[in-house]
Structure formats: C-alpha cells, structure tokens
1. Looking only at region 385-399, how many residues end up being open to solvent by less than 20 Å² (accessible area, probe 1.4 Å) and either out of contact with any strand residue (DSSP E or B) (no Cβ under 6 Å at 6 or more places or on another chain) or within 30 Å of LEU476 (Cβ to Cβ) (or both)?
2. Take the conditions out of contact with any Ser or Thr (no Cβ under 9 Å at 6 or more places or on another chain) and either at pLDDT below 95 or surrounded by 22 or more Cβ atoms within 10 Å (Cβ to Cβ) (or both) and apply them to GLN51. Does it pass?
3. Only residues in region 98-111 that are under 17 Å from ASP130 (Cβ atoms) count as the first member; pair them with residues that are of a type in the set (Asp, Glu) and in a loop (DSSP other than H, G, I, E, B), Cβ under 9 angstrom, at least 6 apart or cross-chain, and list the lot.
4. Given the criterion modelled with pLDDT of 95 or more, in contact with a helix residue (DSSP H, G or I) (Cβ under 7 Å, 6 or more places away or on another chain) and buried (at least 24 other Cβ atoms within 10 Å of the Cβ), identify the matching residue among LEU518, LEU493.
5. In region 34-48, what count of residues is obtained for those that are in a loop (DSSP other than H, G, I, E, B) and surrounded by fewer than 23 Cβ atoms within 10 Å (Cβ to Cβ)?
6. Of the residues in region 284-313, how many are outside any loop (DSSP other than H, G, I, E, B) and in contact (Cβ under 8 Å) with a residue 60 or more places away in the chain?
7. Residue check: is GLY318 small (Gly, Ala, Ser) and either modelled with pLDDT of 95 or more or crowded, with 19+ Cβ neighbours inside 10 Å (or both)?
8. Just the residues that are in contact with an Asp or Glu (Cβ under 8 Å, 6 or more places away or on another chain) and not in a loop (DSSP other than H, G, I, E, B), please, taken from region 383-394.
Amino acid sequence: MRRWMVVALLGVVGMACGASAQTLRWAGQGDPQTMDPHSQNETLTNNVNSQIYERLITRDARLALVPGLATSWAQTGPLTWRFKLRPGVRFHDGTPLTADDVVFSMQRAKAPTSQVAVYANAVGVAKRVDDLTVDFQLAAFDPIFLQHVEQLWIVSRKWCEAHHVTQPLDFKNKEESFAAVNANGTGPFMLVSRQPGIKTVLKRNPNWWNKFTGNVQEVVYTPIASDATRLAALVSGEIDLVNDPAPRDVARLRNTAGVKVIDGPENRLVFIGMDQARDKLLYGKVPADKNPFKDQRVRRALYQAIDIEAIKSKLMAGQSVPTGGLTPSANASFDDPALQTRLPFDLAAARKLMADAGFANGFEVTLDCPNNRYVNDEEICTALASMWAQLKIKVKLNAMPRALYFPKLEKLDTSLFMYGWGGSITDAEVILTPVFRNRGPKAVGDYNYGNFRNDKADALAAQSSVEQDAKKREQLIRGALAELREQVNIIPLHRQVIPWAARANVTPVHRPDNFVELAWVQISR
C-alpha cells in the first residue's frame, strides 16, 4: 500500500477512536480547494463552504428556492429587486449581518480572481437602503435572477477588511491568504481547523438562526484518494459517509452488513473540451504543426470513435446516463431528443472524417485529466485514449489532482481536457454563458477553456440571457444548443449518477447537486 494511502487510513482510524455519537466522519476522493467562498467554483469546495457561509436565497431538499439570509424579495421594477434581510443573524465572530455585508459580498464576487463573477455581474449592482434592506439594480433583464443570487455567498465586510482579504484568493496563481484556511460565515457549522490534503474539522454553530433537523455536532472531513481505502474505511466503520463511492463498488456495498446506499442522480454533465483557438497545439505533435481541433471533422471523428455504452457498462457499472445533450439537466434542453441524442458510435465514419480532414495517419496529443474530481475520471480518460488510438491518434494521458488541474485549465494551459459542469440550477443559462459563450468581459465565457468561438451560438445565447418572453427565449436556447452540437465545440460523454454510501445508522438527504447538507444529517446509535 502506498505511503499516502497508509497516512490517509491512519488518519481515519485516529478519527474513529475519538469520535462521539454525534461526530460525522465524512470522506471523499478529493479535498476542498480553499475556504474562500468566492475564489473557486467547484462542487466539493462549495459544499463544504456552504456549511459555513450562506446566501440570501437557499434551496430545500428538492432544490426549490427558499428564504435564506433574506426573508423576502420582490421585483420593484423591470430591472430592480428589493431584498429584506433576516434580523438577528450574526457571523460566527458575533458581528451582526447588515446590508453593508451584502453590498460588499456582491462587489467582492465580481473581482477578477472570483470564479463566481459571471453570476455576480448578472445580478447587477447591490445598494444599501437600510440595515436590513438591499436593492439590486440590473443592467439588463435576467430571466434567472433569483437563481443567480442563490449562487452568491455572503461574507463579513469587517472580517475581510481586518484580515486583508477584501479580494478573493487568486487560486490559479497559488496565492495564500488568511481566507484560504480560515472562515467566518453565518451558517450552521463553524470552521475549527483546516489542514489542506489532511482534514477539515467543523463544529455546530450554537447561534445559528435556523433549525437543525439533524443531530450532528462535529464533522471531520478527510480526503482519501484511493477508492479501495475509502471503501475499506467505510465498511470497517472508521468513517460514516462517502458521497462518491466508485461505481464498481456500489453493488457490493448494497450487500454489506452495516452499510446502506442512498441512490440519486446528479445534475452534472461530463464532457471533453479541445483547444480550438491556437494555430498550433501546446501539447502535441501534428503534421505541418496544425491544430487539428480547429477542424469540425476532427472533433466529430473523436466524438464518433467513443463507445459510450462500453464506458457505461464496464467503467461506470451502469451508474451514468450517456447523452449528446449539452446541459447538466435534460430539463434545460426541454427533454428534446433532437438536443439529447448522441452522434452514433461509428469507427468507419470517424476514420473517413479524419482522412477527409487530412489526418488519416493521426497525430499525437496530450489529454489532461483530473484523477480525483469526477467519477472514474482517470479511468474514463484512459479508455478514451484507447478508443482514439483506433483513429491513429496517440494520446498521452496527463492525470493530476484537482488542486493542480483546475488552475491549469484556468490558464488555458491545455490542448485536450476533461471537464464537468453542474449544480443546483437546471436552466440552460447556467452553462451557456459561463462555459459556451465566446470569452469576453464581465466573466462571460470564463470557463470556455477550449477558447472556441461560435459566433452564431454566442449571439443566440446572449439574446436568451435577456429575453423576457419565455417562448422566444426557449427558441433562442434551442438554437444556441443546436449550433453548438452541429459544430461539436465540446464532446459530451454522460450525466453522472452518484449514489452515496453510509453506515446504517447515518441518514443524510441526497440532493441532485450532490451537496451533503450537514444540518440535515441524523446519526443514531
């Protein structure tokens, strides 16, 4: 067993020895990237931070919008909204929540180092009316304004100023700041300690404004990269909850005494992106030094060389939903088969496309891939490399932990890569503007790491972002998605299905955004 596996398991064992009846020992393959809530927009990071920080609007177990730090909101004009803040709310350091904190948080979230800037820019300018009232002035109509507000964390202005963290952490350039390992929110749990890559400890906030439906008093999150080690720790009772068990282990877990599986889908699309901007690939060897991914025929060839059903059955053990759709949820593309059906797996057609594009003899390229972010991510990339070898494409796999992977993508330092997108919002806007738009000002296209330009899709998506008529907006979205599919600007793989596994005495609430809400977890003894 590798040394890091031993260290991880020993850490879990030590945790088990000191665990109380109301301590939840939670493990996953990855680790939160930072405690700065505006710095990194990544699911596990957001999940852990969501126990500490809160938003004006939150979601219930079915992902319906419900009051959070705001008790009510109303549209006061075509481009204006008014929010009433919850009285008596205090940050963990005892400072009261006021409108000043909301205004500051919205401004902080727009900073260049913020990965939620696209949402903060969409909600316009926040203005203080009084201590418990905030107005939002939009520059243009936002059809999912409330969902955008729900994505933005509220931080303490005084705490940020006192600790010199008025700007989000610049994660991609390896900045260190007080907010990276310290936190001060209003949420149900308080940060006790943060040891990146080792463990994160939280304790219940006794002054939380809301009601706990669970009984957890303390949480210890431990990253355990090895699927086998994570499974062994759960089965032996050394940890209580894993919300990312390996698909191949799920059947075994269903038949393991003392363990239960909690089933549920995830709103997440996993796909392959390609550098479509540079004339020469950063990482590859191509005849005449061309960039083959600038040719739609090559992109389509890679797509049609993927045996997605083999990936589903052999790697995912059926725990995936293959799709040709480009949205995290099928609802976002109106459950329309025309926008969901995959291009057929057809090696002959793929080889012809490669030959027509002048690449009958293939080329060499590096595939960047995380090894602790998506379900079986590295294994999927290995399978893709083998499938693309049938097109004489020699793929060098470059797998790495998420802490290194996402900063690399943010710098556009890639030629071919795996990525995923999802969360609580099911509207197409949540992926069209940040991921599929041409890169531009106000964080538009910030996550378009292939840096492709599809002017037709971009124009349609831009119009859909401000269209007030629902039927017209649907047609704009349909048009944008159809154009993106036609140009094969990304290669969709599947939507993840993520069962959770827990000890029999632990009852969490599974949500499609894959968030573990610790305030809802019940432990019985």
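The values are calculated or read from the model by the stated rules, or taken from the named source; none is laboratory data. Remember, predicted model here, so these are calculated numbers, not experimental data. Every residue, glycine as well, gets a Cβ built from its backbone with ideal geometry; the counts of neighbours run over all protein chains shown. Accessible surface areas use protein heavy atoms only, side chains included; no ligands, DNA or RNA. Shrake-Rupley method; radii C 1.70, N 1.55, O 1.52, S 1.80 Å.
1. Qualifying residue count for the region: 2.
2. Yes, satisfied.
3. Pairs found: THR98/ASP131; ALA99/ASP131; ASP100/ASP131.
4. On the way: LEU518 fails: in contact with a helix residue (DSSP H, G or I) (Cβ under 7 Å, 6 or more places away or on another chain).
Every option except LEU493 fails the conditions.
5. So the first thing to find is which residues in region 34-48 are in a loop (DSSP other than H, G, I, E, B), and the list is 34-42.
Narrowing further to those that are surrounded by fewer than 23 Cβ atoms within 10 Å (Cβ to Cβ): 41-42.
The number of residues fulfilling the criteria is 2.
6. Filtering region 284-313 for residues outside any loop (DSSP other than H, G, I, E, B) gives 284-285, 287-289, 292-294, 296-304, 308-313.
Those left that are additionally in contact (Cβ under 8 Å) with a residue 60 or more places away in the chain: 284-285, 287, 292-293, 296-303, 308, 310-312.
So the count comes out to 17.
7. Working: small (Gly, Ala, Ser): yes; either modelled with pLDDT of 95 or more or crowded, with 19+ Cβ neighbours inside 10 Å (or both): no.
Judged against the criteria, GLY318 is not a match.
8. MET387, LYS394, listed by residue number.
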